[in-house]
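**Q** Mind having a look at this structure? Questions to follow.
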Amino acid sequence: MRPLTYLCLLLPFFMLGQHTISGSFSPAEEFSYVLLYRATPSKTDYIGQAKLSDDGAFSLELDGNQPPGIYKIVYAIPQEENNFNLIYNGKEDIVVHYDLEEGLTVSQSMNNILWLDYMSHMMAINQHIGALYSKEPVDKKALEEVFEEQGNIQETFENKSNGLLVEAFIKGNKMYVPKTYEPISEYGTHLKAEYLNYIDFENPLIQSSDFLLDRLMAYVLEMTPENPDAYKKAIDEVVGKVGNHQEVKKIILEMLWQSMTEKSQDDVANYISDQYLMAIAKQEKDTYLLKMLSAYKNTSVGKVAKDFNISYGLNGESVTTTLHDLSGYDSYLLIFWSSGCGHCLAELPQVKAFMESNPKVGVVAFGLEEQYAEWKNEIKNYPHFFHAIGLGHWENPTAIEYGISSTPTYFVLDQDKKVIFKPYDLEAVKSYFKED
């Protein structure tokens, strides 16, 4: 009897240790499941999932063993774009509502309520500052009043959050506040100079959050002039602030590298790789990242394209040569394609027709194939292309060197086989050669 009695006495305490994250999504028909993860500086751990009811309601139970920290609700795919962070202190339930138009609101959980309220105030203040600076003449007195209000709001919320987990975020989000009027250029310089000074980079909660990454990305991408030297300087500053926190450093550098590739800032992307990211990838034996960095560098604008064997017909005979040995054209359009790719088979005839009016452009078609026969049959339709085949498809060494992850993929090379343009699609190819 005694063990049973002991268990009954403990049960209420176990029950008291359990908390829930619950709420609703709207419009309900746009959502089906929510997934819950706990974020740490080095990884994200899956906790559980819940199916939404017909009215969009959900409830996720946290047992007493779940520690305080940053928890992430994922509500759609891709996961990295459709989620939000919540602060869980291990002591209270959290009730939220997420609306596709209005965003996130929290009705229970002091940490999260304070954070959203604080951010709402700060967003309004920043919009007001921007509006006042954009008017001519600038109302200096009104600006000074808004800056004073900004300082008061910061102080108020720091006092309200004292002793709570959210305090680190509110203090970390502190902005530069001028004591008197400053011209916009001077204000912008001071704002950036202090932008990262209030963040506690040693706080695991901060390290685990989207807040830190968002702040660092904004520093480089939104507060820095769009030129390579300025970007490099800002990236060095961010790395210096992160210090020895390898997990955070790797994540932010990968995000910045990806952003620079999307901006076609090849020089900056390769700087991130050469200066920081390649060493981290080697240290962690991240072969995928190593291949990706190397492939991008191989195909950066200004780089000589990697050589490979090709063949073509000449006076009824087959001739074998290499990409680098081709001559007789002002430029070359290199296409990675596949005979099993419907999109490729639709575009190659367009390339053929389009290039008939561009006789100074040679077309090099590299087929990524599993079998030889289908490729051989298909290339008969393009007798004036220079053809190459790469068996093994995505695992073909040349495909890896060029970082090919989808077909068709296009590159424009000059007569010396240097990459001069990386078209996103066929329309970009056509636009390039029309302008040229």
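**Q** Of these, 36, 86, which one is in contact (Cβ under 8 Å) with a residue 40 or more places away in the chain and open to solvent by less than 80 Å² (accessible area, probe 1.4 Å)?
**A** 86
**Q** Looking at segment 239-297, which of its residues are among the β-branched types (Val, Ile, Thr) and over 24 Å from residue 202 (Cα atoms)?
**A** Of everything in segment 239-297, those that are among the β-branched types (Val, Ile, Thr) and over 24 Å from residue 202 (Cα atoms) turn out to be 261, 268, 287.
**Q** Here is a follow-up. If I go through segment 120-151 residue by residue, how many of them are open to solvent by 60 Å² or more (accessible area, probe 1.4 Å) and either under 30 Å from residue 52 (Cα atoms) or of a type in the set (A, V, I, L, M) (or both)?
**A** 2
**Q** Let me ask something else. Tell me the residue from 163, 103 that is under 19 Å from residue 35 (Cα atoms) and of a type outside the set (Val, Ile, Thr), please.
**A** Among 163, 103, only 103 is under 19 Å from residue 35 (Cα atoms) and of a type outside the set (Val, Ile, Thr).
**Q** Is at least one residue of segment 310-325 closer than 19 Å to residue 415 by Cβ and within 32 Å of the chain's Cα centre (by Cα)?
**A** Scanning segment 310-325, I find no residue that is closer than 19 Å to residue 415 by Cβ and within 32 Å of the chain's Cα centre (by Cα), so the answer is no.
**Q** Still on this structure: Tally time: how many residues in segment 101-133 are more than 18 Å from residue 85 (Cβ to Cβ) and within 24 Å of the chain's Cα centre (by Cα)?
**A** Total satisfying the criteria: 1.
**Q** Out of the residues in segment 182-219 meeting the condition of being acidic (Asp, Glu) and surrounded by fewer than 17 Cβ atoms within 10 Å (Cβ to Cβ), tell me which one is nearest to residue 150 (Cα to Cα).
**A** By that ranking, first place goes to 194.
**Q** Then there's this: Tell me, which residue of segment 412-433 that is of a type in the set (D, E, K, R) and within 19 Å of residue 263 (Cβ to Cβ) is surrounded by the most Cβ atoms within 10 Å (Cβ to Cβ)?
**A** 422
**Q** For segment 243-327, which fully contained helices (runs of 4 or more DSSP H) count at least 3 residues that are touching a residue at least 24 places away in the same chain (Cβ under 8 Å) and within 21 Å of residue 227 (Cβ to Cβ)?
**A** Result: 246-262, 266-272.
**Q** Show the residue pairs that are 6+ apart or on different chains and have beta-carbon atoms under 8 Å apart, the first residue being within segment 53-71 and within 17 Å of residue 112 (Cβ to Cβ), the second being open to solvent by less than 60 Å² (accessible area, probe 1.4 Å) and of a type in the set (Phe, Trp, Tyr).
**A** 58/25; 62/88; 66/88; 68/88; 69/88; 70/88; 71/37; 71/88
**Q** Could you tell me whether segment 395-410 includes any residue that is under 17 Å from residue 348 (Cα atoms) and part of a strand (DSSP E or B)?
**A** Scanning segment 395-410 turns up at least one residue that is under 17 Å from residue 348 (Cα atoms) and part of a strand (DSSP E or B).
**Q** Of everything in segment 397-411, what is among the β-branched types (Val, Ile, Thr) and either surrounded by fewer than 20 Cβ atoms within 10 Å (Cβ to Cβ) or more than 23 Å from residue 370 (Cβ to Cβ) (or both)? Give them in sequence order.
**A** If the condition is that a residue be among the β-branched types (Val, Ile, Thr) and either surrounded by fewer than 20 Cβ atoms within 10 Å (Cβ to Cβ) or more than 23 Å from residue 370 (Cβ to Cβ) (or both), then 398, 400 are the ones that fit.
**Q** Test of understanding: among 370, 374, 356, which residue is among the charged types (D, E, K, R), under 18 Å from residue 398 (Cα atoms) and open to solvent by 20 Å² or more (accessible area, probe 1.4 Å)?
**A** 370
The values are calculated or read from the model by the stated rules, or taken from the named source; none is laboratory data. Being a predicted model, the structure only gives us computed values, none of them experimental. Every residue, glycine as well, gets a Cβ built from its backbone with ideal geometry; the counts of neighbours run over all protein chains shown. Ligands, DNA and RNA are stripped out before the accessible areas are found, and what is left, the full protein with its side chains, is counted by its heavy atoms. Shrake-Rupley method; radii C 1.70, N 1.55, O 1.52, S 1.80 Å.
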